[in-house]
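Encoded as structure tokens, the structure appears first; notes follow it.
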Amino acid sequence: MPRARAHAPFVLVLDLGTSSLRAMLFDANARAVEGYAARRTYQADTNDAGAATLDPHALFDAFASALDEITAHNDFEIAAVAASSLAYNVLGLDANDEPLTPAFLYSDTQNARAVEQLRAAHDWTPICARTGCPLHTSYLPARFVWLRETQPEIFARAARWVSLYEYFLRRVFGRAALSHSFAAWSGMLNHATLDWDDDVLRIAGVAREQLSPPRSAADGLCGLRAEYATRWKALANIPWLPAWGDGAMANIGSGCTDETRVAVTIGTSGAMRVVMPLPKAATALPRGLWMYRVDETDGLVGGSLNNGGNVLDYFSNLLQLPDPAALERELAALEPDAHGLTLLPFFAGERSPGYRGDARATISGWSVSTTPVELVRAALEAIAYRLAAIYDLLRTTIAPPREIIASGAALSNRCVWLQILADVLGVAVTASGEAEASARGAALMALRALGVIPAFDALPAALGVTYMPRAGHFEIYARARERHQVLYDSLLRRE
């Protein structure tokens, strides 16, 4: 949106992702204002033990620097600060709010053994029914058990456990705020009470007082500490709303706000999600999926992958691939499933629907004639198969959706992958016309909280190209999916 055509009120949105943080200004029509954006990049620390962490000090510096940049030349009156944040991440703070640990990301699988311990000791079925989350490395119960056993001194010293965005708020306000939406990603929120689940707290060994009380995301913080009030005058006395989960915001920002539209997002990781009213979302949850929250009235049902664009990044670093445009042409020239490969794309473990955090990638059929481009094509197809498994489960709870809307940085300029998704799913897939769907979703949530719009559909999302399934390709991929599932079952299926 050109600056001259932007309309008040304005919302400053912080979009905290796995590899970058962006600060963007949106107007009353939920359009990003040109020339008012700042981006900072970083990289998670990983190792062979399954670690995936971020440095909270470095992330706060990125956060503060981005705000410095966007407020330095801002001449708009900002009405609120909103945030979309990668979910779930957690770090421990001491009594002085100093970090004791790095921020552990959802893709950190160092706690895989704790998952198996909890599975052996507890029936997680009733807990999943209350929290909407299965037992998995990405959720906090196993994270806390692992920390308690492997780092007992640090665990004992922790005065509180917070997400990165809560840490930012504690730095600039001296207190934090946590939305019901974001808390739902933890695996510890009781959806009936909208508070932390007593049994899960006991199992995790964490006191209620060590966690921020979940609250409505419309209930923001005002009054920055003096240092930051001086530094960011335009933001000093306006509401800073608690962060929403990035997945929920991707749905809202891409226009997938009810059961007629299913959202597919592929960034570093991947997901397929649908917004459903409560309590239907809580009572119709198939095994293999999760339920989070958009807000106090709507649930978010779907499944997530630890592996998405990060697989392409991995192959790009590992293999001698052509430049992106040439790679796209060579991928398009390959026929469906013509490479002779069966690939389980669990380079960072598995989430939905099998929740094998200890899973690792497997490639079967690799020969001396296999080319780098064939490996990439096999990976794109394999990730589509994992999304199709989620879609099959979603179809047991909703009517056939009117549309599937795809968004995410990894799908940008990747027509081949979008076509593969349509062919594998057997339904039309429309590319979102919103380049920053999660950030736009947070802007829409803020505009609704401010009373600027009555509902999300007051500002429809832009749509891009629609990819129709091609004749005969669904059947080819259906056979490939069967072969994929046989390999999965032989290696990873639990009895």
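Taking the stretch 59-78 on its own, how many of its residues are hydrophobic (A, V, I, L, M, F, W, C), within 26 Å of the chain's Cα centre (by Cα) and more than 12 Å from Leu16 (Cβ to Cβ)?
Start the filter on the stretch 59-78 by keeping residues that are hydrophobic (A, V, I, L, M, F, W, C), which leaves 59-60, 62-64, 66-67, 70, 72, 76, 78.
Applying the additional criterion that residues be within 26 Å of the chain's Cα centre (by Cα) yields 59-60, 62-64, 66-67, 70.
Remaining after also requiring more than 12 Å from Leu16 (Cβ to Cβ): 64, 67, 70.
Matching residues across the stretch 59-78 total 3.
Those helices (runs of 4 or more DSSP H) of the stretch 86-166 in which 3 or more residues are surrounded by 15 or more Cβ atoms within 10 Å (Cβ to Cβ) and among the hydrophobic types (A, V, I, L, M, F, W, C) occupy 112-121, 140-150. Residues in the stretch 207-223 that are aliphatic (A, V, I, L, M) and surrounded by 19 or more Cβ atoms within 10 Å (Cβ to Cβ): Leu211, Ala217.
Pairing each residue of the stretch 348-370 that is in contact (Cβ under 8 Å) with a residue 24 or more places away in the chain with any residue that is surrounded by 21 or more Cβ atoms within 10 Å (Cβ to Cβ) and acidic (Asp, Glu), provided the two are 6+ apart or on different chains, yields C-beta distances under 7 Å for Arg356/Glu350; Gly357/Glu350; Ala359/Glu350.
Does Phe456 count as of a type in the set (Phe, Trp, Tyr) and under 23 Å from the mean Cα position of the chain (by Cα)? Against the criterion (of a type in the set (Phe, Trp, Tyr) and under 23 Å from the mean Cα position of the chain (by Cα)), Phe456 qualifies. Looking across the stretch 184-206, the residues that are surrounded by fewer than 17 Cβ atoms within 10 Å (Cβ to Cβ) and in a loop (DSSP other than H, G, I, E, B) come down to Ala192, Thr193, Leu194, Gly205. Confirm whether Ala114 is modelled with pLDDT under 95, of a type outside the set (Lys, Arg) and in contact with a helix residue (DSSP H, G or I) (Cβ under 8 Å, 6 or more places away or on another chain). No; evaluated as a whole, the condition is false for this residue. Filtered by the rule that a residue be in contact (Cβ under 8 Å) with a residue 60 or more places away in the chain and over 13 Å from Val81 (Cα atoms), the stretch 1-15 gives Ala6, Ala8. When the residues of the stretch 171-183 are filtered to those that are over 23 Å from the mean Cα position of the chain (by Cα) and of a type outside the set (A, V, I, L, M, F, W, C), the one that is surrounded by the most Cβ atoms within 10 Å (Cβ to Cβ) is Arg171. Here Pro460 passes the criteria (1) modelled with pLDDT of 95 or more; (2) in a helix (DSSP H, G or I); (3) within 17 Å of Met249 (Cβ to Cβ) except the one numbered (2). Restricting Arg402, Arg470 to those that are basic (Lys, Arg), outside the structural domain of Val33 (by TED's automatic domain parsing) and modelled with pLDDT under 95 reduces the list to Arg402. Looking only at the stretch 1-36, filter to residues that are under 19 Å from Gly267 (Cβ atoms) and surrounded by fewer than 18 Cβ atoms within 10 Å (Cβ to Cβ); which one of those is modelled with the highest pLDDT? Residue satisfying both the conditions and the ranking: Ser20.
Looking only at the stretch 452-472, decide whether some residue is out of contact with any strand residue (DSSP E or B) (no Cβ under 9 Å at 6 or more places or on another chain), under 29 Å from Thr297 (Cα atoms) and buried (at least 19 other Cβ atoms within 10 Å of the Cβ). There is at least one residue in the stretch 452-472 that is out of contact with any strand residue (DSSP E or B) (no Cβ under 9 Å at 6 or more places or on another chain), under 29 Å from Thr297 (Cα atoms) and buried (at least 19 other Cβ atoms within 10 Å of the Cβ). Which ones in the stretch 1-32 are in contact with a helix residue (DSSP H, G or I) (Cβ under 6 Å, 6 or more places away or on another chain), over 16 Å from Ala103 (Cα atoms) and assigned to a strand (DSSP E or B)? Within the stretch 1-32, Val11, Val13, Asp15, Ala23, Met24, Phe26 meet the criteria. For the stretch 449-471, which residues satisfy the criterion of being free of Cβ contacts under 8 Å to residues at least 40 places away in the same chain, under 22 Å from Ala431 (Cα atoms) and not hydrophobic (A, V, I, L, M, F, W, C)? Answer for the stretch 449-471, where residues must be free of Cβ contacts under 8 Å to residues at least 40 places away in the same chain, under 22 Å from Ala431 (Cα atoms) and not hydrophobic (A, V, I, L, M, F, W, C): Gly464, Thr466. Filtering the stretch 377-391 for residues that are out of contact with any helix residue (DSSP H, G or I) (no Cβ under 9 Å at 6 or more places or on another chain), among the aliphatic types (A, V, I, L, M) and farther than 30 Å from Gln320 by Cβ leaves a non-empty set. Among the conditions (1) in contact with a Leu (Cβ under 7 Å, 6 or more places away or on another chain); (2) surrounded by 17 or more Cβ atoms within 10 Å (Cβ to Cβ); (3) not charged (D, E, K, R), Trp244 misses just one, which is (1). The criterion of at least 1 residues that are in the same structural domain as Pro277 (by TED's automatic domain parsing), within 19 Å of the chain's Cα centre (by Cα) and closer than 28 Å to Ile252 by Cβ is met by the following helices (runs of 4 or more DSSP H) wholly inside the stretch 299-396: 309-318, 372-394.
The values are calculated or read from the model by the stated rules, or taken from the named source; none is laboratory data. Everything numeric in this text was worked out from a predicted model, so none of it was measured. Neighbour counts run over all protein chains shown; Cβ positions are idealised from the backbone, glycine included.
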